[in-house]
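The structure under discussion appears below in the form of structure tokens.
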Amino acid sequence: LLLGIVGFIHWRTARLEAQKVALEALVTERTSQILKKQRTIVNQVQLIESMKTLLSEREEAWLERFRSIVLERLSDPGLYLPDIIKEMDISRTAFYEKVKSLTHMTPNQYSQELRLRRAKELLEGGQVGTVKEVARAVGIKEAKYFSKRFKERYGILPSAYLRELRD
């Protein structure tokens, strides 16, 4: 009986050793598969990031093109978005959506922002003498309307800002 028990223990130990070796091999294989998948995922993430960078660069270039067209025609009070949309060769809907997604402003708001920034630069640079000249330089016909928009944006009337700069 004792010999039978010892034989059983040896058989069971050998079987457990074989299972241990098989499990270790399985763990090694699965670990290898996981590491391979992890490298694949890392490579895919890097590819996605590079595509996002490329997309961002394209979007930035697109927005810069729009901005430069607006700035070129800034002094024109007839700055007309349909003409810009046509020049940029994009549908009206896509244009509005793209500007909104990139700037969080409508195209008109963005154009207005560019006008007001340029007006502030002109005032700061001493390149104009009166508010009316600044308004005309940025394509706004009415000095009163320009003053209202400038104050809404910067919290000060352009005439007061000009006085502050001169003092």
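The values are calculated or read from the model by the stated rules, or taken from the named source; none is laboratory data. None of these values were measured; they are calculated from a predicted model. Counting neighbours? That spans all protein chains shown, and the Cβs are built from the backbone with ideal geometry, glycine included. When the accessible area is computed, the model is the full protein with side chains, heavy atoms only, and any ligands, DNA or RNA have been set aside. Shrake-Rupley method; radii C 1.70, N 1.55, O 1.52, S 1.80 Å.
In the set (1) closer than 30 Å to TYR154 by Cβ; (2) among the small types (Gly, Ala, Ser); (3) surrounded by 10 or more Cβ atoms within 10 Å (Cβ to Cβ), the condition left unmet by ALA14 is number (1). In the stretch 122-155, the qualifying residues are those that are under 15 Å from GLY78 (Cα atoms) and not hydrophobic (A, V, I, L, M, F, W, C), and the one that is nearest to the chain's Cα centre (by Cα) is GLY139. Looking across the stretch 67-83, the residues that are farther than 14 Å from GLN112 by Cβ, open to solvent by less than 60 Å² (accessible area, probe 1.4 Å) and in a helix (DSSP H, G or I) come down to SER68, ILE69.
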